[in-house]
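One structure is given here, and the rest of the page talks about it.
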Amino acid sequence: MSVLGEPLRLGPRVVRNRIVFPAHLTNAAVARRPSAQHAAYYGARAAGGVGMVITEEQSVDPADRPYEKLVDGTDPAVVPGYRAIADAVHAHGALVLAQLGHNGGQSSSLYSRAPVDGADDEPDPMFREVPRPLSDAGLARLVDGFGLVAEHVVAGGLDGVEIQCSQASLIRQLFSARSSRALPFLVAVLRAVRSAVGPDGVLGVRVQGDEGFAGGLATSDAVAVAVAVETLVDYVNTAVGVATRTLPLIEPPMGVPAGYAAHVPSAVRAAVSVPVLGVGRFTTPEQAREAVASGSCDLVGVVRGQIADPGFATKALRGGRVRRCIGCNQECIARVGLNQRLGCAVNPAAGRESSVAANGYLAASTRTTSPFARVLVVGGGPAGLAAAVAAARDGHAVTLAERRDVLGGQLAIASRGPERRELANLVADLAHEARDLGVVVRLRTPVEDVHGIDAVVLATGARPALPAWAGGHARVVDVTEVLTGRVAPSGRVLVVDEGRGHAATSTAELLARRGASVATLTPALVVAGDLAPTLDRERWRRRAAEVGIAEYTDRVVLAAHDGLVLDVLHHLTGEVTPWPADWVVHAGPPTPHVPELVTDVPVFRVGDCLAPRGIDAAVREGTAVRERFSRL
Amino acid sequence: MPPVLGQEIAVGRRAAPSRVLFGPHVTHLADPHHPRALSDDHVAHLRARAAGGAGVVVTEVASVVAADHPYEDAPLAASCPAGWAAVADACRPFGTLVLAGLGHAGGQGSSAYTRGPLWAPSAVPDPASGEVPAVLPASGIAEVVAGFAAGAAAALEVGCDGVEVQAGQHALLRQFLSGLTNHRDDAYGTDRALLLVEVLTAVRAAIGPGVLGLRLTVDELAPWAGITPASARPVLERVAGLVDLVVPVRGSALTVGATRPDGHTAPGFLRDACRSLRVPGVATVLAGSVVDPSLAEDVLASGDADLVEMTRAQLADPDLVERVRAGRRVRPCVLTNQQCRVREVRNPRIGCTVAPPPVLLPRGDAPVLVVGAGPAGLEAARTLALAGAAVRLVERADAVGGLLRDVAGLPGRARFADLVAWYRAELAELGVGVELGAAAEVPSDGLVVLATGGVDRPGRGVPIAAAVRDGVAPGPVVIEDPVGDGAAVALAERLAGEGREVAVVAPGVLVGPGLARTGDLVDAQARLARAGVRRVTEASVVGFAEGAVTVADVVTGGLSSWPAAVLVDAAPRRAPAVAARPGLVVVGDAVAPRTVAEAVREGHAAARELLA
């Protein structure tokens, strides 16, 4: 067994293995209290074998409320919720700590309707509110708050507390401002919390190792803080990035390699004798194993990997194929940023563990009484694959027919874009699951009429739709024609983005890297608006600058004339400009493809053939269709 | 002659006690444990307007089917009967008609909460979300019709006077009516009003003699395919026999901000359309930034409308109708939309820039010194005087208003001058002495409200407050705006309007991102573009010398240079150093520079703190 499976002493407690589910926002709180969803969510990861769970942050001040669903740990009414979390996690043998924090100036008055309390009066770059600098008395009050919340945590039966001093934290702000009050405040907080959790409780601290901007805290600062408080804590957790300034460092998208932040725990581990926790887009068992085996950390944090597959830890330790996180950030990061409950593009049950409806996604089988059905799934994209897997898992006899010679549909095509390769991991994982479950996969098999079956799942996706202005011009093409290699535009290429996702930017970059002179143009205020919520925008902008892609916003194409000159309207001013190009590549919403099937059995539409949407809709609807078979 | 707006009027078979309607709006007042029901706070919100004299109140729009879940705490008709009953009971003593708002947001909804597809007439993505909806099949249409009827029946059953059916902004019924969004080739496409007629017929059958109101978009501001007043008229004539009340509104999914626009749009903009759309037997309501009683009075007296919708005006002053009846001043809505336009994912509770949440105020005749006559000091002085305190208000400048005086000179912000004038008149009536041109020493004892505002933050350029107040030196101007609210945008517009060369440098993807909250974001980009203002985004000023500003791209680090004789720094101000002592309450920007809403709120709350 690798080091990953070895128990480790954390002060008074022993954690059963080295895999941790670190703190991250879920938006599962109701009325600022932990909910049944929290317990079910953490419990599912404990059941999946994780060594230790660290809850999302519990605030130590009722006025601290940067987002609506932040738990107010000072309210005694949180204790039953903590008790439910503790019971759910302990039932499966894992430890569970609560993360405690105060967001300081990285906060908002939107809910509190009171001035934001900060380390100083410098506005946060994201919230942009002028804080009221905390006085020494104000800091002392917050020390009491940390102590009070720690008492609630202990009363709820959790195993200890982690103090947040990174990402979004008043303590980070004090250190970042090089305030002489920083270390004394942290020490006072740790002493107050230790006094509350007692000798049997675990106490950890999460230090900031790289704020990601000039003059910000660096690895040496993390080491200095860790050394200074080492004797007061049982372990040190690490982080990079500031949530309201350099968020992509904290939750990087799929273009960033695993272990990108390993330098921080490595340096801290070399300087302290307590265990050190490392994080940084470790999404596969191999990466987690390597992080610990290489000595960069004693404990490895896997957030997104365990959101995608709650059974990650057991599979990592005992062998087994996980359904991998693909780093798309669409349902975990983007949704949470929009004040919505966390989800997962590849795991439809994530974030819904407590709801009855989610049991259809979670349970080993929903088929209890009805006999098995013969199911034909038409289409091998993510929706069809997910449907085939879910139906086969229920014991139905499933055949999947795909028209093309490869599985994956639009996902496989999209994975050809720069830094989009991990999308193909979902196709591969679903295909493996399907084959393991005995799904009969037939490629190059268009379906016209069906017989000898009990139900059809129609997952035929959507087809590219060129706009009316394209006018049948041969050099006005859809992005998929470029990504599949059917056409190879060169020269002056205008990529017209009437969608929001990666299609336009992927294609633009692909062509620019082949030497084309590329510009993007969109009617929207920004090109590819969905890239910001998933934290892809920053890397895209860097790469676009590197290959010289120009960007034009607020513009609508009205017509394409021969010789390929477009009429382009700047809709803010009404100005129309002729726009010459050698090729025009269009990205926009496709049209559902619903073939006429001759059949008298039930037909269920899932994914893009119902309405063209994202990966999550395809996987979710495909997975959920199993519930329909039990009623056949 | 008594004001017309205070007079009773027949609406269908009922009578409204005044001609002022409080329209449906998103509030986020729900109880998080019952997010799709109406809460006690909803009831109190509507009751306050009924008590203040509103003739008709419409409850927050409730979805008629569960598949429609447009925002997290959007009411659901099936969860609303208890709340509707409570609203009806609370408003009954005042005679106010209570209509239950019923709707379906269609393709303008959200799939975030149902995790299912959006449903719409055709697969046309909504401009706001970009999400392609599923096409509503015939079975779904039948469910929608039945949902409206069931919701209406339930509302009447529990004591509502009627319902208001949504075919305005954020409405499936409007999407069916519009060529922008209805590309169907079935009967609901060849006759785009068919679904509306079916819904109204079913609702009428469900409510019998109850009041049937219709909120109908009559101008989508997209004449190439959208609804226009000319195309709306035959629709109205067709349903005239079914409805008792119609509220024509403006705006489409392309122009969401046009329905309740901010101060850049002149009040009463739908008056002509309203007049042209009057149909016999139907009470017609003028909506759209009707915030001044004088305009309302003129409209009603002229017969251009039978009632006026004054939603925002009654957020600013819940007692509007009673005050007008009594010949008293009304606290003016300033049309900034900063606190009341809350249809957004963060779920902020509704508020009002100029109306502080009321606090229970003890009586007290103690002497109080208020230092500073900006919005915080003015509100504190008025509130204290109302409570009986002996107030002395001292202001260093030669007029009251503080920053409001300067802000009122910016485009779209003129109504702040109305707020200052209102405070001046109120204080005069209350007998509060205002000492102008007096720099008050803060005494070491006694009760004091310190409302002296913020101070400029040392920076590279001319502080924006000074630039707004005094103007700037000749030559090209670069404004660096790390805040992103309306101030830098408005200054840029004003300078460009004077023929100046202007660039705005902003750290984010857009200039003025805070304007998303007010509904002005897109319009502001258009005004800046038309005025020739350069928008330099994802950028930060790194140097200013020799007639040029050097700007760095915050992502790539790439440098660019912009001509500038003047660099204006729109960074927020900072609070002055204040020595705390008992009896001294610091409010507004002197605590931390923020907006008018915080100044007014804290000025109001200070009175209670001092008199307690």
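Filtering the stretch B:330-343 to residues that are farther than 17 Å from B:GLY263 by Cα and either loosely packed, with under 15 Cβ neighbours inside 10 Å or touching a Leu at 6+ places or on another chain (Cβ under 6 Å) (or both) leaves only B:VAL330. Taking the stated definitions as given, is B:PRO75 touching a residue at least 24 places away in the same chain (Cβ under 8 Å), within 24 Å of the chain's Cα centre (by Cα) and more than 14 Å from chain A (Cβ to nearest Cβ)? In short, yes. Considering only residues that are hydroxyl-bearing (Ser, Thr, Tyr) and more than 14 Å from chain A (Cβ to nearest Cβ), which ones fall in the stretch B:58-72? Of everything in the stretch B:58-72, those that are hydroxyl-bearing (Ser, Thr, Tyr) and more than 14 Å from chain A (Cβ to nearest Cβ) turn out to be B:THR59, B:SER63. Of the candidates B:PRO367, B:PRO362, B:PRO411, the single residue that is of a type outside the set (D, E, K, R) and within 22 Å of the chain's Cα centre (by Cα) is B:PRO411. Among residues of the stretch B:339-367 being among the β-branched types (Val, Ile, Thr) and touching a Lys or Arg at 6+ places or on another chain (Cβ under 8 Å), the one that is nearest to the other protein chains (Cβ to nearest Cβ) is B:VAL342.
Taking the criterion of being on the phi > 0 side of the Ramachandran plot and buried (at least 17 other Cβ atoms within 10 Å of the Cβ), would at least one residue in the stretch B:569-579 satisfy it? No. Listed by position, the strands (runs of 3 or more DSSP E) enclosed by the stretch B:492-570 that each have at least 1 residues that are within 14 Å of chain A (Cβ to nearest Cβ) and among the polar types (S, T, N, Q) are B:539-545, B:559-563. Among the residues of the stretch B:469-486, those identified as among the hydrophobic types (A, V, I, L, M, F, W, C) and surrounded by 24 or more Cβ atoms within 10 Å (Cβ to Cβ) are B:VAL477, B:VAL478, B:ILE479. Only one residue in A:ARG492, A:ARG513, A:ARG537 is under 25 Å from B:VAL554 (Cβ atoms), surrounded by fewer than 22 Cβ atoms within 10 Å (Cβ to Cβ), among the charged types (D, E, K, R) and modelled with pLDDT of 95 or more. Which one? Of the residues listed, the single one that is under 25 Å from B:VAL554 (Cβ atoms), surrounded by fewer than 22 Cβ atoms within 10 Å (Cβ to Cβ), among the charged types (D, E, K, R) and modelled with pLDDT of 95 or more is A:ARG513. The condition (being in contact with a Lys or Arg (Cβ under 7 Å, 6 or more places away or on another chain), surrounded by 24 or more Cβ atoms within 10 Å (Cβ to Cβ) and within 23 Å of B:TRP224 (Cα to Cα)) is satisfied by just one residue among B:VAL249, B:VAL291: B:VAL249. Does the stretch A:3-20 contain any residue that is over 17 Å from A:ARG341 (Cβ atoms) and under 20 Å from the mean Cα position of the chain (by Cα)? Yes, there is a match, as at least one residue in the stretch A:3-20 is over 17 Å from A:ARG341 (Cβ atoms) and under 20 Å from the mean Cα position of the chain (by Cα).
Yes or no, residue by residue, for (1) outside the structural domain of A:GLN167 (by TED's automatic domain parsing); (2) part of a helix (DSSP H, G or I); (3) within 30 Å of A:ASP144 (Cβ to Cβ); (4) touching a Phe, Trp or Tyr at 6+ places or on another chain (Cβ under 8 Å):
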residue	(1), (2), (3), (4)
A:THR26	no, no, yes, yes
A:ALA39	no, yes, yes, no
A:TYR42	no, yes, yes, yes
A:GLU57	no, no, yes, no
A:ALA63	no, no, yes, no
A:LYS69	no, no, yes, no
A:TYR82	no, yes, yes, no
A:ILE85	no, yes, yes, yes
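The set of residues from the stretch A:554-572 being in a loop (DSSP other than H, G, I, E, B), more than 9 Å from chain B (Cβ to nearest Cβ) and out of contact with any Asp or Glu (no Cβ under 8 Å at 6 or more places or on another chain) comprises A:ASP562, A:GLY563.
Could you say whether any residue in the stretch B:452-460 is more than 14 Å from every other protein chain (Cβ to nearest Cβ), polar (S, T, N, Q) and surrounded by 18 or more Cβ atoms within 10 Å (Cβ to Cβ)? Within the stretch B:452-460 (the criterion being more than 14 Å from every other protein chain (Cβ to nearest Cβ), polar (S, T, N, Q) and surrounded by 18 or more Cβ atoms within 10 Å (Cβ to Cβ)), the answer is yes, since at least one residue qualifies.
Taken together, the criteria place A:ARG324 among residues that are modelled with pLDDT of 95 or more, part of a loop (DSSP other than H, G, I, E, B) and either over 21 Å from A:ALA239 (Cβ atoms) or not assigned by TED's automatic domain parsing to the domain that holds A:THR55 (or both).
Scanning for something surrounded by 17 or more Cβ atoms within 10 Å (Cβ to Cβ), under 26 Å from A:LEU411 (Cβ atoms) and of a type in the set (Phe, Trp, Tyr), does the stretch A:589-610 turn up at least one residue? Checked against the condition, which is being surrounded by 17 or more Cβ atoms within 10 Å (Cβ to Cβ), under 26 Å from A:LEU411 (Cβ atoms) and of a type in the set (Phe, Trp, Tyr), the stretch A:589-610 yields at least one hit.
Of all residues in the stretch B:344-368, those satisfying the criterion of being buried (at least 20 other Cβ atoms within 10 Å of the Cβ) and over 25 Å from B:ASP319 (Cα atoms) are B:ASN347, B:VAL368.
A single member of A:LEU217, A:LEU183, A:LEU142, A:LEU190 is under 28 Å from B:HIS604 (Cβ atoms) and more than 14 Å from chain B (Cβ to nearest Cβ), and it is A:LEU142.
Do the conditions hold for A:THR623, that is, is it within 14 Å of chain B (Cβ to nearest Cβ) and either buried (at least 21 other Cβ atoms within 10 Å of the Cβ) or not in a strand (DSSP E or B) (or both)? Let's see the steps before the verdict.
Values: within 14 Å of chain B (Cβ to nearest Cβ): yes; either buried (at least 21 other Cβ atoms within 10 Å of the Cβ) or not in a strand (DSSP E or B) (or both): yes.
The answer is yes for A:THR623.
For the stretch B:125-134, a residue qualifies if it is surrounded by 18 or more Cβ atoms within 10 Å (Cβ to Cβ) and either at the interface with another protein chain (Cβ under 9 Å from one of its Cβ atoms) or more than 31 Å from the chain's Cα centre (by Cα) (or both), and the qualifying residues are B:PRO125, B:GLU131, B:VAL132, B:PRO133, B:ALA134. Could you count how many residues in the stretch B:214-259 are assigned to a loop (DSSP other than H, G, I, E, B) and under 27 Å from the mean Cα position of the chain (by Cα)? Summing the residues that are assigned to a loop (DSSP other than H, G, I, E, B) and under 27 Å from the mean Cα position of the chain (by Cα) in the stretch B:214-259 gives 11. Comparison of A:THR484, A:THR480, A:THR460 shows that the only residue that is within 28 Å of the chain's Cα centre (by Cα), buried (at least 24 other Cβ atoms within 10 Å of the Cβ), away from every other protein chain (no Cβ under 14 Å) and on the phi < 0 side of the Ramachandran plot is A:THR460.
Name the one entry in B:ALA326, B:ALA258 that is over 19 Å from B:ALA232 (Cα atoms) and either surrounded by fewer than 18 Cβ atoms within 10 Å (Cβ to Cβ) or touching a Gly at 6+ places or on another chain (Cβ under 6 Å) (or both).
When all the criteria are applied, what remains is B:ALA326.
Scanning the stretch A:516-534 for residues that are more than 13 Å from every other protein chain (Cβ to nearest Cβ) and surrounded by fewer than 21 Cβ atoms within 10 Å (Cβ to Cβ), we see that the one that is farthest from A:GLY327 (Cα to Cα) is A:SER517.
For the stretch B:594-602, the count of residues that are of a type in the set (D, E, K, R), within 11 Å of another protein chain (Cβ to nearest Cβ) and touching a strand residue (DSSP E or B) at 6+ places or on another chain (Cβ under 9 Å) is nonzero.
The values are calculated or read from the model by the stated rules, or taken from the named source; none is laboratory data. As the structure is a prediction and not an experimental result, all values here were calculated from the model. Neighbour counts are summed over all protein chains in view; Cβ atoms, including those assigned to glycine, are modelled from backbone coordinates with ideal geometry.
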